[in-house]
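Chemist: One structure coming up, written as structure tokens, with questions to follow.
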Ligand code: AMP
């Protein structure tokens, strides 16, 4: 599998601001934050898009969702944060290695699905 930008970050071949790491995922600060708190939770397995995940990734996806809660708690935003997954270039996915955005610290209108 081709190394993605995030694989390089996971392998410390590129610098990043790591806020959380466990056996299966890592969380870093987004380099171009769209909110006062903008973190990326990245499974270490390089699944290109959410739609590319399969049955064998069930436990991993559950693990990542639980990690999101822990990371939000550690960041002190557990009472108000938004999680976004962009699936496909047409909705703004630019890095084809599955990741969840955690956004917090600003008010999101109900209609505003993006960031
Ligand atoms: P997406 O558009 O959903 O694929 O999200 C990719 C995100 O990765 C964007 O919000 C970028 O700002 C962020 N990003 C790109 N390069 C880096 C990097 N080197 N370190 C941290 N975040 C990055």
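FYI, it's all coordinate maths here, none of it is from the lab. Everything numeric here is computed off the predicted structure, so don't read it as measured data. FYI the Cβ positions are ideal-geometry reconstructions off the backbone, even for glycines, and counts take in every protein chain you see.
Chemist: Please give, to one decimal in nm, the separation of the simple spin-label points placed at residue 3 and residue 17, each 7 Å out from Cα toward the Cβ.
Modeler: 2.5 nm
Chemist: Could you tell me what fraction of 2.2 N^0.38 Å the Cα radius of gyration of the chain comes to, as a two-decimal ratio?
Modeler: In units of the 2.2 N^0.38 Å rule of thumb, it is 1.02.
Chemist: Which residues among the range 78-98 fall inside the zone where the amide N is under 19 Å from a point 7 Å beyond the Cα of residue 31, along Cα→Cβ?
Modeler: Only 86, 89, 92-98 pass the distance filter.
Chemist: For Cα pairs less than 8 Å apart in space and 6+ apart in sequence, what is the mean separation divided by the residue count of the chain, i.e. the relative contact order in percent? Working shown, then result.
Modeler: Numbers: 152 pairs, mean separation 34.7, N = 115.
This gives 30 percent for the chain.
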